[in-house]
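Below you'll find the structure, written out as structure tokens, and then a few comments.
The values are calculated or read from the model by the stated rules, or taken from the named source; none is laboratory data. Model, not experiment: these values are computed from the prediction. Glycine also receives a Cβ, built like all others from the backbone with ideal geometry; neighbour counts cover every protein chain displayed. Only protein heavy atoms, including side chains, enter the accessible area calculation; ligands, DNA and RNA are left aside. Shrake-Rupley method; radii C 1.70, N 1.55, O 1.52, S 1.80 Å.
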Amino acid sequence: MKRKNLTRYILLYLASALFLVVFIGPFLWLVSSSLQLERQLVKVPIVWLPDPLSLASYKEIFMGAFFDEAVVSSHKISSSYQSRIYLGSFLNSGIIAFSVSFFSVVFGAYAAYPIARLNFRGRYTLLFSILVVRLVPALALAIPIVLFAKKMGMNDNLVTLILINMSFVLPYTIWLLQAYFKTIPTELEDAARMDGCNRFQVANKIIIPLSIPGLTTAGILAFLLSWGEFLFALLITETEQSFTSTVVAAMFANDVDVNYVTIIAAGVLAVIPPVIFALFFQKYIISGLLSGAVKN
Amino acid sequence: MGAFGQNALSTMTKNPSSEIPQGRLALIFSAPALLILAVTVLVPLAYAIYLSFHRYNLKRAKRPFAGFRNYEKILTDDKFWDSLATSFIFAVSAVAVITVVAFFLALLLNQDFAGRGILRALLLIPWAIPDVVNALLWKWLLHPAFGVMNALFQMGGIIDQYVAWLTTMPSAMIWVIIAYSWKNIPLATLLILAGLQTIPKTLLEAAELEGANAWKRTQYITLPLLRPTLTVVLIFETIFALKVFDIIYVLTSGGPGKSTTVLGWSIYINTFKKLDFGTGSALAMILGLLTLFIAIVFYAFLDRGEKQ
Amino acid sequence: MMKKWLTIAALALVGWAAPMPAQATDVELTGWPYQVDVVRENLERFSSQSGLSATFNPFPSNEYHTKMVSSFASGTNFDVVYVRDSFLAEWAAAGWIVPLTGLPGVDEYMSDLPQGIIDQMSFEGEVYGLPYYSGNSVFVYNDRLMKQAGLNAPASTWNELMKQAQTMKDKGVMASPIVIGLAANENSILRTLEIVAAGFGGRFFNDQLEPVFQEPNSGARKALAWIADGIESGLINQASMSQGDGEIDQFMRSGTAAFSLVTDYEMKVLNDSEQSNEAGNIMNSLVPGSSDATSGTIGYVRLYSITSEANKTRAWELVKFLGGKDATGVYYVPKRWALEFGLGFSPAPLYKDEDVRNSISGWIDPDLLQEQAKYAINRGYRFVPYFSDWEIEAWAGFQEIINGGDADSILEELAENWNELKSEY
């Protein structure tokens, strides 16, 4: 028996090591590349560890964001327009991602509740038609959406982006939440209704409080999807007041002189907010999913 | 459901003998979500459908009604069937890779051992990487001259010389599938992990006592009980994969030749490069209908699972 | 938990509800984000000279076309926009940019520009802007690696180049010395093929806009065969098939390639010790030719165009300042780009300017550059609205041929495709 346990642990840790190499290795390599000098990045044979460790790109982005030109140049760094506005654009992306995750969880929960709990004709039709709206590629809807946003004077507006992102996220939120709600024992609901609660009260007082883990899970999914959205951010935003992080990140690539280290550093930075967000709520994700979120 | 429910709700309605029909109640509950979906998707969708029935190229002043001619042109073009096949090869492989890897990863993370929590947390990293950054990451890893994959494979003796992975087939397709799956595995893993947690431990233990080996237990207990979860994973992943665009855009631009030209890329080319919105929209409608058909097949599958 | 979320959402609401300052400017410039600060400095100078306020708003470079197309299609008003010559015909045909015809002083500026540049800014006989920067593709080689292989002079024909590459391989200097842009995008495979074909004395289309690339023994076929052989023998790096214009830089900068075709302005980065491991070793010479032609290259222009009649007078003031002379009567902005950033220029007076000559000779041979420009081929066929429809199919077709596909049938199909498009428009 002991021997069997030992083999089991060896196998488990071997598998874990493989997992780490495959899923974390690529990202670590990106981080390492972002700490190199531009000319070392294009060196053959490959430079395995950055030497000297160069923080130049990060300095450029951070100092450019928080100090004015004079201070920055006194540190012998030249900050470009893109690096100056990059961190500021995180705020726009953050506002969008927060709002999308909040509103899609709230609206999604109310839409998911009847699908999970009520018995009406067309339940599955509703569930599937919600999914169907996402079947046509966003690319094909891009021009019509931009056209309507423009007609309604809502281009270059974060609210527009929040609405668009919600339409991407809502179907998935509703699907996840309806599955989650099904795992909550019906006895609780029946008892509440016996006490005179109507459906809205049941949803508000029983289902939603009991589903905090599920709601958080859906919220994180929503945050991650809308943080990284690029196409509509590109098409809707028009000024630096509303550029999102993905749009500014794309500006680091240039026709004339491409600085790859800065592009890579910008990519690394773009990953940090969603990771922090997800890690912060991670205990809810796991417990949320662990309670059987997708069990029908 | 039943008498209690009706009593409770009857206080809300004027006519004590009936409650709000559940269908209408459902509509009230889902109104905000449906409204947003309608405004942001249905209205543009209607316009895209309108475009698909017109000869609509921005470079031309005349944009006459064309009936089904755009559709006819697409369906009689070999290029469409080629890219449809490419889309299917991509989607089937990616969904298979994602589901299988996620399944085994979930089994691993479902075991009880020290460090499991850290692994679960780290799983978030690939998931949190924006699509565009993911594509750049893989382009950099696979760089023909400075890519770490080349350096590693050469050290491991797998290749003699650096290889330009994205310029030949089938390696271009394989790497696109790997890069795509890498980013999409974590979500699938978390969903399956959640499903695994709902399988009663006692059931597995009982089977073990009766002498069923690990494979048999997986085959006869875990997999059947996971069916609802796997169905959801399959539906989500198939929809995502059939619409793939970002990773193709950055890694291969549909090449070498047309070997990785999936439908998503064709739609982009027609809409944004040729400015032919008519054909682009018609292609999108065809892809949409196709995905709908697949979703209905899954629907039947899910429905059957529900009834059992 | 819920309360926390509500607070966050409330804060977010306040964030985007805050009014954004609306600025009314006399004239707006829209482009891609190359040296935004310098552009804005230039605009300040414009404002102080003209009394007109001006702003610059950049969009991502690689997605500039996508962004602008969707903006134009949804009716956004711009004043002055950057245009790449590859979009010119399309944007002009769609009516998104307007010709300069009839504006005061246009003829005077045209007299300072070479005909080749004017052609590349024209659509259906009318000129659509003034150049931002312009130039040619040039042939570059790594002098250090050449010497290491015992080679003294750069090749003057494509076949000689292949022999030099073979020598390098034999001497163990490098297995795949040639890297050229063969990726399937706007600045790569077709441009490269056009340049190589020009060296073999051929073009893709004749002056009547008829395809000639499919004809037996055409320059295009020779170019394709030369490249396919090189890829097969490995002397042309297989990586070329996925590399675009800016990306091949990296190979020259790292010394992993000895020969390449690049855009002239890239010479500055290649010889910049901050970014390049081979700074000082990268030289340019005439693009190789053959027994049929001495050399050949293709030019490019990035231009400033006016987007509508509405604000045309003010927009023209800005275009004149940016692409032409400022109030003091000198080509201020083009000269600044050339001096400080190495961007190519076209107005004749700048070629004679001592400052400019001294400055650019730090990274490129100015006489050779001017000499190379003489071999630029006429690409009138590029300036028809259906060219972009055709080329996107052509990129994939040419890649297939290089990868061993059947040249006859693919070329024939591409020629048919062109003729169909031509008759449709």
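Summary table below
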{"read-out": "Leading residue by the ranking (nearest to the other protein chains (Cβ to nearest Cβ)) among those in segment B:40-49 that are open to solvent by 20 Å² or more (accessible area, probe 1.4 Å) and out of contact with any Ser or Thr (no Cβ under 8 Å at 6 or more places or on another chain)", "value": "B:Tyr47"}
{"read-out": "Single residue of segment B:1-25 satisfying the filter (of a type in the set (A, V, I, L, M) and modelled with pLDDT of 50 or more) that is farthest from the chain's Cα centre (by Cα)", "value": "B:Ile20"}
{"read-out": "Out of B:Ala106, B:Ala61, sole residue that is more than 30 Å from A:Ala265 (Cα to Cα), of a type in the set (A, V, I, L, M, F, W, C) and not in a helix (DSSP H, G or I)", "value": "B:Ala61"}
{"read-out": "Some residue of segment C:402-424 being hydroxyl-bearing (Ser, Thr, Tyr), open to solvent by 60 Å² or more (accessible area, probe 1.4 Å) and closer than 26 Å to C:Asn281 by Cβ", "value": "no"}
{"read-out": "Filtered residue count, segment C:296-314, keeping only those that are at pLDDT below 95, small (Gly, Ala, Ser) and open to solvent by less than 10 Å² (accessible area, probe 1.4 Å)", "value": "2"}
{"read-out": "Residue list for segment A:73-115, filter: surrounded by fewer than 21 Cβ atoms within 10 Å (Cβ to Cβ), more than 10 Å from every other protein chain (Cβ to nearest Cβ) and not in a loop (DSSP other than H, G, I, E, B)", "value": "A:Ser73, A:Ser74, A:Leu87, A:Gly88, A:Phe90"}
{"read-out": "Selection status of B:Ile28, surrounded by fewer than 18 Cβ atoms within 10 Å (Cβ to Cβ), assigned to a helix (DSSP H, G or I), touching a helix residue (DSSP H, G or I) at 6+ places or on another chain (Cβ under 7 Å) and at pLDDT 85 or above", "value": "no"}
{"read-out": "Test: residue in segment C:345-353 that is crowded, with 23+ Cβ neighbours inside 10 Å, under 17 Å from the mean Cα position of the chain (by Cα) and at pLDDT 90 or above", "value": "no"}
{"read-out": "Residue in segment C:20-38 that is farthest from the chain's Cα centre (by Cα), counting only those that are more than 9 Å from chain A (Cβ to nearest Cβ) and aliphatic (A, V, I, L, M)", "value": "C:Ala22"}
{"read-out": "Residue in segment A:203-220 that is more than 9 Å from chain B (Cβ to nearest Cβ), of a type in the set (D, E, K, R) and closer than 21 Å to B:Ala26 by Cβ present", "value": "yes"}
{"read-out": "Residue check, A:Leu225 under 13 Å from the mean Cα position of the chain (by Cα) and open to solvent by 40 Å² or more (accessible area, probe 1.4 Å)", "value": "yes"}
{"read-out": "Count of residues meeting criterion [in a loop (DSSP other than H, G, I, E, B) and among the small types (Gly, Ala, Ser)] in segment B:156-173", "value": "3"}
{"read-out": "Inter-residue pairs, beta-carbon under 6 Å, first closer than 18 Å to C:Lys67 by Cβ and more than 8 Å from every other protein chain (Cβ to nearest Cβ) and in segment A:149-166, second open to solvent by less than 50 Å² (accessible area, probe 1.4 Å) and in a helix (DSSP H, G or I), 6+ apart", "value": "A:Met154/A:Thr160; A:Thr160/A:Ala149; A:Thr160/A:Ile236; A:Leu161/A:Ile96; A:Leu161/A:Ile236"}
{"read-out": "Lone unmet requirement of (1) over 20 Å from C:Glu266 (Cβ atoms); (2) in contact with a helix residue (DSSP H, G or I) (Cβ under 8 Å, 6 or more places away or on another chain) for C:Gly181", "value": "(1)"}
{"read-out": "Lone unmet requirement of (1) over 16 Å from A:Leu231 (Cβ atoms); (2) more than 7 Å from every other protein chain (Cβ to nearest Cβ); (3) open to solvent by 10 Å² or more (accessible area, probe 1.4 Å) for A:Leu127", "value": "(3)"}
{"read-out": "Selection status of B:Ala102, open to solvent by less than 10 Å² (accessible area, probe 1.4 Å), under 24 Å from the mean Cα position of the chain (by Cα) and not hydroxyl-bearing (Ser, Thr, Tyr)", "value": "yes"}
{"read-out": "Near pairs, Cβ below 6 angstrom, 6+ apart or cross-chain, from segment C:51-71 (in contact (Cβ under 8 Å) with a residue 60 or more places away in the chain) to any residue that is among the polar types (S, T, N, Q) and open to solvent by 10 Å² or more (accessible area, probe 1.4 Å)", "value": "C:Ala54/C:Ser47"}
{"read-out": "Any hit, segment C:108-131, residues being within 14 Å of another protein chain (Cβ to nearest Cβ) and either free of Cβ contacts under 8 Å to residues at least 24 places away in the same chain or under 16 Å from the mean Cα position of the chain (by Cα) (or both)", "value": "no"}
{"read-out": "Residues being free of Cβ contacts under 8 Å to residues at least 60 places away in the same chain and open to solvent by less than 10 Å² (accessible area, probe 1.4 Å) - total across segment A:229-252", "value": "1"}
{"read-out": "Verdict on C:Lys335 being among the charged types (D, E, K, R), over 18 Å from the mean Cα position of the chain (by Cα) and open to solvent by 40 Å² or more (accessible area, probe 1.4 Å)", "value": "yes"}
{"read-out": "Tally, over segment C:121-157, of residues that are touching a strand residue (DSSP E or B) at 6+ places or on another chain (Cβ under 7 Å) and open to solvent by 20 Å² or more (accessible area, probe 1.4 Å)", "value": "5"}
{"read-out": "Given (1) surrounded by 24 or more Cβ atoms within 10 Å (Cβ to Cβ); (2) of a type in the set (A, V, I, L, M, F, W, C); (3) under 16 Å from A:Ala140 (Cβ atoms), number of the condition B:Ile247 does not satisfy", "value": "(3)"}
{"read-out": "Residues (facing chain A (nearest Cβ under 7 Å) and either of a type in the set (Phe, Trp, Tyr) or buried (at least 18 other Cβ atoms within 10 Å of the Cβ) (or both)) located in segment B:141-162", "value": "B:Leu141, B:Ala145, B:Phe146, B:Val148"}
{"read-out": "The lone exception for C:Gln164 - which of (1) open to solvent by less than 30 Å² (accessible area, probe 1.4 Å); (2) within 27 Å of the chain's Cα centre (by Cα); (3) of a type outside the set (A, V, I, L, M, F, W, C) it fails", "value": "(2)"}
{"read-out": "Count of residues meeting criterion [facing another protein chain (nearest Cβ under 8 Å) and crowded, with 19+ Cβ neighbours inside 10 Å] in segment C:42-61", "value": "4"}
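Results for (1) more than 10 Å from every other protein chain (Cβ to nearest Cβ); (2) more than 18 Å from the chain's Cα centre (by Cα), shown as yes or no for each residue.
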{"residue": "B:Pro170", "(1), (2)": "yes, yes"}
{"residue": "B:Ile192", "(1), (2)": "no, no"}
{"residue": "B:Gly195", "(1), (2)": "no, yes"}
{"residue": "B:Glu210", "(1), (2)": "yes, yes"}
{"residue": "B:Asn213", "(1), (2)": "yes, yes"}
{"residue": "B:Val244", "(1), (2)": "no, no"}
{"residue": "B:Gly254", "(1), (2)": "no, yes"}
{"residue": "B:Gly264", "(1), (2)": "no, no"}
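Residue-wise test of (1) within 13 Å of chain B (Cβ to nearest Cβ); (2) assigned to a strand (DSSP E or B); (3) over 16 Å from C:Leu261 (Cβ atoms).
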| site | (1), (2), (3) |
| --- | --- |
| C:Ala183 | yes, no, no |
| C:Glu186 | yes, no, no |
| C:Arg203 | no, no, yes |
| C:Leu209 | no, no, yes |
| C:Phe213 | no, no, yes |
| C:Pro216 | no, no, yes |
| C:Ala223 | no, no, no |
| C:Glu232 | yes, no, yes |
